[in-house]
């Protein structure tokens, strides 16, 4: 193994760069031909080890990864421990994953915090074959779904008290009201929580107590004949937000 492996390329203080003049004695300390020979080849061995050559041959599409034991190896399915930053220019389009079709790309826009699929075809799609897409938060679709459908089980918010104020997370949910006494369910003002316009919340009275839908401060709830209570046990109503502080109440109602 090399006894003077350079710490940097072309360092002038390592024996691989030791200049030998016409007056030098090759037997002088640090000038011996065998030392130069061993160091040169030792350095080549070190370099080959670091580059993962020899016992590990690079396959098509492989990248070099550290093995954790002072060597490197080619890997076709690497696992990166830590953050991977690709082409971060700070201008918004920081990471781009290119597809197998020219002009198609999956682009993360850091300024908008959005993932956009762009393509040269008329339609673009995100497909997960035989699997699930799991999200830690709600999925919000701001545009129309032009083809197919969104299939998901209806989430249920089971309430058992006599009062409840609708909150973040109730969007597109079924809220069950279960109590033997009268209950009041309040729609908060937009300033309390800004449900998106178009939000729908369904409420079913599964208890014996009458359930009344109340207007929070500044909220207007429009309904047929101004009725705002659920018409008996196991009847249901749906609230739909139509403007900033305006909701429509539809379903099986009573005064």
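Only the coordinates and a few stated rules stand behind these numbers; no lab work does. Not measured: the values here are computed from a predicted model.
Over region 156-254, what is the relative contact order in whole percent, taking alpha-carbon pairs under 8 Å and six or more residues apart? Mind showing how you got there, number by number?
Details: 250 pairs, mean separation 25.4, N = 99.
Normalised by residue count, the contact order of region 156-254 is 26 percent.
Give me the number: length gained by fully extending residue 149 to residue 208, i.e. 0.36 nm times residue separation minus the C-alpha to C-alpha distance, one decimal in nm.
Numbers: separation 59, 0.36 × 59 = 21.24 nm, distance 3.59 nm.
Between residue 149 and residue 208, full extension yields an extra 17.7 nm.
If I stretch the segment between residue 240 and residue 182 completely, what's the gain in nm (0.36 nm per residue apart, minus their alpha carbon distance), one decimal?
Result: 18.6 nm gained on full extension.
So for region 156-254, Kirkwood radius off the Cα pairs, Stokes-Einstein at 4 °C and 1.567 mPa s: how many µm² s⁻¹?
Diffusion coefficient, whole number: 99 µm²/s.
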